[in-house]
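Structure first, commentary second.
Nothing in this text is a laboratory measurement; each read-out follows from the coordinates by a stated rule. All figures in this text were calculated on a predicted structure; none of them were measured in a lab.
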Amino acid sequence: MSFKPLRFLRDALAPAQPEPAADAITPPVFDLPGSDWRPEPAARVRAPSATLFARRAARLRALAEGHALADFLGFAAAVADQQQRLLDSDDPQCALGGLRANFNAIVAALRPRFTPAIAAAVAALEARDDVSLGLLGANLAGGRLPEAGAGFAALPLLGAALQVGATRAALLNAALVELPEHEVLACPVCGGAPVASVLRRGESGHGERHAVCGVCASEWHVGRIRCLACGDNAGISYLAAVPADGATEGAGFKRPAVELECCDACHAATKIVSLERDPAVEPVADDLATLPLDWLAAEDGWLRYGFNLFFLAPEAEVIEGDDDFAEEDGRA
Ligand SMILES: [Zn+2]
Ligand SMILES: [Zn+2]
């Protein structure tokens with residue numbers, strides 16, 4: 001399948017914008033006390049589903065068919081299968097969310113599919129002691145990536161283990177979390193960054209949008225049109241991809257279920273998926289399957305913001321002289 005980008009709203013709402021600066025994304029802040037938007041009490045925090053990973057695996061397999069990234073999506077599906085098995089497990093080590101226990105279990109199941117490069121990266125992570133692996137995991141959960149190098153290619157597997165523990169905790173805790181009376185930009189359950197946002201019909205019958213945590217998959221209510229990276233709601237536009245032979249307007253046009261929400265204020269671009277347009281969409285899986293859209297958007301200066309542990313790019317800036325971030329954590 002080839003893609004062509006589809007621009008709507010953006011062209012209709014705004015004249016041509018100046019080229020965004022390459023380093024313009026502002027760091028995420030936890031909340032926006034100045035925002036006048038208020039979450040609906042009934043829609044504040046949604047716990048992840050207990051069958052989250054099984055649903056993700058099924059969606060990844062469906063999306064992989066005929067896809068240019070089929071091998072990658074198929075591998076991610078196999079990882080999600082193992083995540084569901086661990087989430088369902090009553091093995092006490094895994095049930096406690098033990099990072100190494102879950103990592104080892106995922107690695108053991110996936111090892112026959114490893115390329116030599118992945119196997120070498122996994123070996124580099126396996127060689128770490130528990131403290132070092134735990135620090136790496138804690139930083140990964142906070143979106144702080146080490147520089148590219150030994151072990152980097154295996155970080156999605158460590159991220160998968162993190163997700164199991166965080167999702168297990170969220171299944172217990174999310175219902176207890178009170179969302180503040182103002183907009184938040186990080187997961188109120190675990191502090192993770194959003195992978196995407198999801199649109200659905202709420203209990204009230206109105207459309208609701210929730211940001212989806214890239215770590216624990218809890219969802220928190222956010223404004224319908226608002227940047228997940230900086231909270232701005234003025235210069236929001238959308239990009240989508242349609243098959244090269246698809247209609248882009250008129251009677252034959254069906255608005256895609258997955259779009260890229262682009263913010264003029266900070267130049268972040270984040271996926272927004274609509275369950276109303278396609279009940280099968282799954283934020284993490286659909287984000288991976290639409291990575292070509294991010295790559296096209298990057299050519300226009302839009303910067304990928306969604307935090308997907310299956311697709312990690314090395315930071316341009318690394319924390320100097322330290323591959324465990326121990327200095328930053330004050331635990332060197
Ligand atoms: Zn979370
Ligand atoms: Zn923004």
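When you have a sec, figure out the Kirkwood radius of region 147-219 from all distinct Cα pair distances and drop it here in Å to one decimal? Could the numbers behind the result be given before it?
Values: mean 1/r = 0.0725 Å⁻¹.
Here the Kirkwood hydrodynamic radius works out to 13.8 Å.
So what is Rg over Rh here for region 52-173, counting just Cα atoms and using Kirkwood for Rh? Before the final figure, lay out the partial values.
Details: Rg = 14.2 Å, Rh = 14.8 Å.
Looking at region 52-173, the ratio lands at 0.96.
Using only the alpha carbon atoms of region 165-312, find the Kirkwood hydrodynamic radius as the inverse mean reciprocal pair distance, in angstroms to one decimal. Working shown, then result.
Values: mean 1/r = 0.0629 Å⁻¹.
For region 165-312, inverting the mean 1/r across all distinct Cα pairs yields 15.9 Å.
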